[in-house]
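Each remark here refers to the structure printed beneath this line.
The values are calculated or read from the model by the stated rules, or taken from the named source; none is laboratory data. Only a predicted model underlies this, so the values are computations on that prediction, with no experimental measurement involved. Every residue, glycine as well, gets a Cβ built from its backbone with ideal geometry; the counts of neighbours run over all protein chains shown. These area figures cover heavy atoms from the full protein model, side chains too; ligands, DNA and RNA do not enter into them. Shrake-Rupley method; radii C 1.70, N 1.55, O 1.52, S 1.80 Å.
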Amino acid sequence: MAATSKKVFEVFVSKIPWTIAMKEMREYFGQFGQVKKCLLPFDKETGFHRGFCWIGFTTEDGLNNALQKDLHTLEGAKIQVQKNRRAFAGARTNKESEESILV
Amino acid sequence: MAALLRSSRLLNFSPSGVLKITGTKVIGPPLSRLYSGALGGQRAGVGSRQFTRCSENVSRPAWPYVAGSMRGYALATEHKEDGSLGLRSKQAQQFDWALAKLDSSVRRTGRVTKTLLLRIFHDNCRTGHPSGNQALLLLRSCGSLLPEIPMAERTELAHRIWEKLQELGAMYDASHYNALLKVYLQNEFKFSPTDFLAKMEAANVLPNRVTYQRLIAAYCQEGDIEGASTILGFMKSKDLAITEAVFNSLVTGHARSGDIESAKNILLVMRGAGIEPGPDTYVALLNAYAEKGDITSIKQTIEVAENADCSLMHRDMMQVIFSLARAGYQQHVPEMTELMRHDRGYVPDAMNLCLSLITQGMEDTAFGILKSFPALQGEAPNTDGPSLGSFFLRHCVHMDMPVEKVTHYCKELQESNLHTTPLHFTLACALEARKTDMCLSLMKVLKEQGLPVRPHFFYPLLTRHVKDKNTAGVLEVVRGMLQLEVSPAAETFTNYIIPAFTSIEEARKAFKDEGLTLESEYFLSAEVRSVASSNLAKFYTMLSDPAFPVMEIGNFRGSLTVGFKKFSDIESMVKITDLLYRDARFTRGNSQATDTASFLLYNLVDSMTEAEVHAHETKLREYFNKLSDQKITISFNIYRGMRNLLDSYHVPELIKDVLKLVDPKEMTSPAPNTVSRTTGTGGKLEMLETKLAELKAENKPVGVVVKQIILALCAKEDLERALEMKQQYEDEMTTGTYAVLINLCCRHDNVEEALSLKRELSRRDSSVALDASKYIALMNALTKSGRVEEAMDILKEMKEKEVAVSDANASLLFHVLNNLGAKGDAGSIRQLQDTLFSLGLAKPTANLCSPLVTAYLHSNDLSAALEAAMECQKRYGQLPRIHDIIVGLVETGDTELLQKAMDFVSQERGEMTMLYDLYFAFMQTNRFREARKIIETPGLRAKPGRLQWYAEKCIAGNQMESLEQMVEMTAKLFECDRDEMYSYILRSCKSTNDWKKAEAVWTKMQEENVVPRERTLRMLADILKTNGQEVPFDVPKTWYEQDASIREDKTPQPATAAPPVPPPPTGSDLQVRLLGLCKKGRVKEAMDMLMQAGPDVALGAAVYDHIIRALLATGALEDAMTVKHMAISRSPGFQLSDLAINLLIITYSRRGQATDARQTLNAMVQADHVPSQLSITRLVQELGNQGDVTAIQEVETLIKGLGLAPQLSSMVFVNNTALAHIKNGDLATAIELLEGMYTSPESTHPSMAFVFRKIYEQNNEQAIDKLAAMAERLANHFACYRPATDLFFQLLEMNKLEEAKSMLVRCGGLAEQKDILLSYTSRMARRPGQVGKIKALQSLIPDYTEKDVHYSYLMKCYGVDNDLSSAKALFDQMVAEGVSVHELSLKRLAALYRNAGEALPFPEPPESFKFYSDKLKESVSRSQSAEE
């Protein structure tokens, strides 16, 4: 179905050193395209972030630019950038209805 | 014990020794190349002993020899898994977990952290009842495995554990006292040996050889030779063996008493006693010199040791280094460090040395060692450049070292390019440890070096304070931040500062009082958040104020959702949503305000749980409706997301309310939801035959029944009659029927018939393919009769028709080939293999490659076998049966070929594999001396899989000597799982019932410091008990029983395939016939045969069990009991299998003998067997029938205790308890029970259809009235429709349509339960004769689903019922109404036409049935995923 207007172009970034925070991430990924969102979860218990983050670009170009670069180095550390595979939250469908009619 | 004294050093490997391996000429010089090659390390002449040693030596301070005892945990888990027949106590699981944790820690690092140890300890305390070996495991870990903890603290910890676990009921035996002694020795704890012995005596625990050995060590550690001599004398008087370990202690003892000469002389004494000084002896002596700083003697002694073929490894050297440093002779350390070879495992060992040194305050010495670490071998594989020394820095932080010193180390590490970010790393450690002062100082250093200091660096410090509401702590950190000129970002402020205070006001004031100035917007957004979550009206007032600044919704969305989720103020919710919808101040960047609002809706629903949505359903509806009134719209996308969420929460009722919000311009139609599942229908042959006759009489189509009859005949292996049927009903034959028949012919080795059937089939339709297993069966039949060419044609046909070969099929192929191998027919195998692999039908696995080698081995042609194996390796990368080949070569002494084989293996698979192959070949042929030299090859490490393989071979073949030899030889093998190894011996002891050997194993394990796993202890206890021996340790009883029963279960099991213990010929013959009769359902005959056989005929337990099961299946309980008694009297130790016991429970329950059934169940559970769901269900149903509420409860408790509850629907108990109450006339309680269950927030709304069915069966009108009222109440007041739908379907089932109709009137919501209604339809459509129900449903609720879906189900029903005329009418109706007819429906219709022998009035869809059903499935799921 169409309706791509709301689509977010996300990359999943991991192996982020603890010294880097959201601001630095946004700055770094800004070079590939406009960053719409940046989600870097912190562990409330330890106060450290979890080492991974999601960067959402406004355009597909941003996403592709970021993915095309094979080595991402941030303050001397190699960070890993992948296409986001996290399923959309609404994908939890009713199991029963997935099976088809008449089999 | 003498065996333990035998020093392996005598047999040390050296290149010259290699020549002797298989005699003087067997393996010549070329082999030696292998041994001293790459694996062997850098030097020639190196001693064999390179790695772990587990021997007893007190003078060695701290190295993780315990490691060896805990290896290979993964294997143990698997072992447990196949014990899943029995129950697992929590205790054992916990032990498993703890062992796994500690093991992995020791394996990786050679140490354990205190945190981990304490965690396991506390877990043990919390759950109570610690087992003996849990205690042992913990105690063992309190010594040198904790290099990061000061020694005194370690001993203290050991004592704490000892006392606490004793309090909780842990039983201590000699192994625990010995472990405690070891800990004392490792921690250099001063204690009185006499008191210790007295304590043991008081506890009634007998000291053993190991105890005395360690007490001697304790005296010697203090330099008390006199004390040591007393014990030594005592040992001699008791005739206990004096081992090398004792002498090693004496070396230390003399040295510490100041008599270094006597220490040296011990070596001579040893030789006099026939014991060669081992490396441990030399290490004891070296330590003695080290304590005196005598570097010259140290070097000399090292040389002496080398000359005695006792080369010292890095671990030994590290002890000497430690001794030097502790005695204050650090200056000699670098010299020693240089002497160390970097063997495998050097880095973790050196790390532990560093840690110990730091703990003892000798960090500079430690740093020197750190710098000697081999390059590029940082402790963690890290792609971000070197990070050597992280562990060092971390420990410095933990030891509270001054910041200046740590930064000095950092600087040096960075300057020498060993670590890229040492300061950041150190800071992270300090933050983790929450050492505020150290952190702030470190950040200051960072800043001075021009490195950034960021707000989130302070989070770890703040979190703890916030959690503790420690405002002073928070202010201290904030002050530190401001001093470092770091301004806390908004996020810091709201998440990590404000929450510590009770209110924002308090925070504002506290900051002011402290003279800390912060920007006011921090406080504002904090306030907004706080108000959003607590007071929506106030929030609206705040935000709607035009003076309110621009603030993105991201600042408060989370809090606002929290506030919304309370649903206490719908008015304000609407107002706020409206405000966000229209006011751009709260929208981020360039997005639309309308989107901001609709995302909020999505977030709201997404953040709610299913239960919350159910609880607030009406409020949500009200909210949505009011939004709609406000003309707020959402995009279709958002709607779709929300719809999916609501669907998954099972509140589809709300979807229409959300749909109203969608911009009408964006509307599209949703797709149908459907459900279906197939069930197999089984039928007795007689029944089918009657039906066939009936159909024929009525002149109706018989195709389906014919097919069923043929299938049934095939299942009964009745080829003759099956072929007759085929002959008779040639026209009714389908592809499937042909396939089954062909397969049956192959099983009966009737190749001709099979081929002719196949030809017939392809005449009908040449494109038809059989499935792989049937093709392979055909191949097998062909090769058996020597028709290899034709077999190859079958393979080609499979390829042409693209038949996929699964793993299971591959094993069938293996059997085909292997049968040829057994005949020695290498030629045919080669042809078949070539075809098979070149066509790519199956991957050339080792298994599939092996038959060729087997063929040559069978004809004793070793050379050809080797060639074949080598060819396989070259072509397919497989080396089949190489062990057997090498064994053959070793046995025949064909050196040339052996050399060739070894060269080849080594080249293709590496030296490690080659060495193991050779090792096992020597072991297999009892050439232990040669084997030992191989296994002691420097650099060799344990390969658990291979060791297990050989051990299993020994156990199965009863080769105790070989097994014992292997266990002993592998004592020092790197990473060898010792417990596992000893457990192999125990298993062998068990099978030979040798308790003396078993007991000796236990002592050996203590000496080696092995922590036995529970299963090992159980096995040992079991052996001792069966031989009437006292068990000297504590074993949980159930475990022992379970283990034993599993073992008994398992042994007879294979009897069905091939009896492992061949009974006398008459017995085995009888056995086969009995099993055959049971299989054919002629159990009465089997019974008669058994009765006639008389008591002398030995039958396997499995046969009895089989007959009992067959009898129970026919309900012949009494006969079954007779056989059971017979089995017990004739086959000692006979026990019913789980299957049989379950059948027994079911039979009792069916006959209303609930008491017997329960007794059987209880006995079963007590014996740690697991009852099946079905047997529990039947029993509980019978108890419900009898109105025995208490019994149901007891069964439920019993079953829940087993942890089986999740597998068993809890409704079995609830429904039957309710029925029991009803039976007892206590309707009120029944209703209370059911109602309580459905209204509980956790309820998953399971089905109570069973209850309705029963009360209608009983025609209990009172119960029907009351329960119906309950169902309606639940539906109308709690929106819980399950009971109502259950009742509704029951009414449909009984064709009480009027009642069903009036029910619909009373419960309006019922008609909206479309998922449930549809799933009912699909269930009905699977069974014949149910079309009326579906029609009735549709007449009552015309819109229960889309019309096309309804019609397709009807078509399915007609198909099942074989009702062509109705199907035709339906088709016409569909065409007339313009409803699209799916291909699948057409396909069904076509089948009906064909069955009736009528011509098709439309073209039949060309593809198979499955194709269209897959297509439909796909299109449904595609439309669903597209919507998402």
Report summary line: Every listed condition ((1) more than 9 Å from chain B (Cβ to nearest Cβ); (2) buried (at least 17 other Cβ atoms within 10 Å of the Cβ); (3) out of contact with any Cys (no Cβ under 6 Å at 6 or more places or on another chain); (4) among the β-branched types (Val, Ile, Thr)) holds for residue A:13 save (3)
Requested in this report: Return yes or no: is residue B:245 assigned to a helix (DSSP H, G or I), of a type outside the set (Val, Ile, Thr), open to solvent by less than 60 Å² (accessible area, probe 1.4 Å) and modelled with pLDDT under 95?
Outcome: yes
**Report entry** Filter result (polar (S, T, N, Q) and modelled with pLDDT under 85) within the range B:1285-1301
**Finding:** B:1295
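Yes/no matrix, rows are residues, columns are (1) more than 23 Å from residue B:1382 (Cβ to Cβ); (2) in contact (Cβ under 8 Å) with a residue 40 or more places away in the chain; (3) of a type in the set (Lys, Arg):
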residue	(1), (2), (3)
B:1276	yes, no, no
B:1283	yes, yes, no
B:1294	yes, no, no
B:1298	yes, no, no
B:1303	yes, no, no
B:1315	no, yes, no
B:1319	no, yes, no
B:1324	no, no, no
B:1333	no, yes, yes
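Table: residues versus (1) in a loop (DSSP other than H, G, I, E, B); (2) in contact with a Ser or Thr (Cβ under 6 Å, 6 or more places away or on another chain); (3) within 12 Å of another protein chain (Cβ to nearest Cβ).
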residue	(1), (2), (3)
B:439	no, no, yes
B:443	no, no, yes
B:447	no, no, no
B:452	yes, no, yes
B:458	no, no, yes
B:465	no, no, yes
Query raised in the report: Given the structure, is residue B:239 acidic (Asp, Glu) and buried (at least 17 other Cβ atoms within 10 Å of the Cβ)?
Result: no
Requested in this report: Scan the range B:645-670 for residues that are modelled with pLDDT of 80 or more and open to solvent by less than 20 Å² (accessible area, probe 1.4 Å) and jot them down.
Outcome: B:645, B:646, B:654, B:657, B:658, B:661, B:662
**Report entry** Filter result for the condition that a residue is within 14 Å of chain A (Cβ to nearest Cβ), closer than 30 Å to residue B:1238 by Cα and charged (D, E, K, R), over B:1306, B:1326
**Finding:** B:1326
Report summary line: The number of residues in the range A:40-87 that are surrounded by 13 or more Cβ atoms within 10 Å (Cβ to Cβ), within 12 Å of another protein chain (Cβ to nearest Cβ), over 15 Å from residue A:26 (Cβ atoms) and of a type in the set (Ser, Thr, Tyr) is 1
Query raised in the report: Of everything in the range B:85-111 that's in a helix (DSSP H, G or I) and of a type in the set (Gly, Ala, Ser), which residue is modelled with the lowest pLDDT?
Result: B:92
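Okay, residues lined up against (1) buried (at least 20 other Cβ atoms within 10 Å of the Cβ); (2) touching a residue at least 12 places away in the same chain (Cβ under 8 Å); (3) closer than 19 Å to residue B:1397 by Cβ:
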{"position": "B:710", "(1), (2), (3)": "yes, yes, no"}
{"position": "B:719", "(1), (2), (3)": "no, yes, no"}
{"position": "B:727", "(1), (2), (3)": "no, no, no"}
{"position": "B:735", "(1), (2), (3)": "no, yes, yes"}
{"position": "B:758", "(1), (2), (3)": "yes, yes, no"}
{"position": "B:766", "(1), (2), (3)": "no, no, no"}
Report task. Tell me which of these residue B:907 doesn't satisfy, since it passes every other one: (1) out of contact with any helix residue (DSSP H, G or I) (no Cβ under 8 Å at 6 or more places or on another chain); (2) at pLDDT 90 or above. Result -> (2)
Query raised in the report: Residues of the range B:875-931 being in a loop (DSSP other than H, G, I, E, B) and within 17 Å of residue B:863 (Cβ to Cβ), which ones?
Result: B:879, B:880, B:881, B:893, B:894
Query raised in the report: Can you find a residue in the range B:1301-1314 that is closer than 19 Å to residue B:653 by Cα, in contact with a helix residue (DSSP H, G or I) (Cβ under 8 Å, 6 or more places away or on another chain) and among the acidic types (Asp, Glu)?
Result: yes
**Report entry** Residues located in the range B:1170-1186, provided they are part of a loop (DSSP other than H, G, I, E, B) and open to solvent by 10 Å² or more (accessible area, probe 1.4 Å)
**Finding:** B:1170, B:1172
Report task. For residues that are assigned to a helix (DSSP H, G or I) and open to solvent by 20 Å² or more (accessible area, probe 1.4 Å), tally how many sit in the range B:993-1006. Result -> 8
Report task. Any chance you could count how many residues in the range B:196-236 are in a helix (DSSP H, G or I), surrounded by fewer than 23 Cβ atoms within 10 Å (Cβ to Cβ) and among the small types (Gly, Ala, Ser)? Result -> 5
Query raised in the report: Quick check, is residue A:23 within 10 Å of chain B (Cβ to nearest Cβ), in contact with a strand residue (DSSP E or B) (Cβ under 7 Å, 6 or more places away or on another chain) and within 25 Å of residue B:492 (Cα to Cα)?
Result: no
**Report entry** Leading residue by the ranking (nearest to the chain's Cα centre (by Cα)) among those in the range B:845-885 that are over 24 Å from residue B:812 (Cα atoms) and open to solvent by less than 10 Å² (accessible area, probe 1.4 Å)
**Finding:** B:885
Query raised in the report: Considering only helices (runs of 4 or more DSSP H) fully contained in the range B:255-372, which possess at least 3 residues that are among the small types (Gly, Ala, Ser)?
Result: B:260-272, B:279-292
Requested in this report: Scan the range B:773-810 residue by residue and report those that are touching a residue at least 12 places away in the same chain (Cβ under 8 Å), more than 22 Å from residue B:825 (Cα to Cα) and either in contact with a Leu (Cβ under 8 Å, 6 or more places away or on another chain) or exposed (fewer than 14 other Cβ atoms within 10 Å of the Cβ) (or both).
Outcome: B:773, B:798, B:799, B:801, B:802, B:803, B:804, B:805, B:806, B:808
Query raised in the report: Do any residues in the range B:1139-1158 that are closer than 20 Å to residue B:1220 by Cα have Cβ atoms under 8 Å from those of residues that are among the acidic types (Asp, Glu) and in a loop (DSSP other than H, G, I, E, B), where the two are at least six apart or on different chains, and which pairs are they?
Result: B:1154/B:1188
Report task. Give the residues of the range B:429-455 that are under 24 Å from residue B:494 (Cβ atoms) and either more than 43 Å from the chain's Cα centre (by Cα) or open to solvent by 10 Å² or more (accessible area, probe 1.4 Å) (or both), sorted by residue number. Result -> B:432, B:434, B:436, B:440, B:443, B:452, B:453, B:454, B:455
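One line per residue, one yes/no per condition, for (1) modelled with pLDDT of 90 or more; (2) closer than 26 Å to residue A:72 by Cβ:
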| residue | (1), (2) |
| --- | --- |
| B:395 | yes, no |
| B:407 | yes, no |
| B:420 | no, yes |
| B:428 | yes, yes |
| B:440 | yes, no |
| B:446 | yes, yes |
| B:453 | yes, yes |
Requested in this report: Being at pLDDT below 80 and part of a helix (DSSP H, G or I) is the filter here, so list the residues in the range B:1007-1036 that pass it.
Outcome: B:1014
Query - Unmet requirement for residue B:632, which otherwise passes all of (1) open to solvent by less than 50 Å² (accessible area, probe 1.4 Å); (2) part of a helix (DSSP H, G or I) - result: (2)
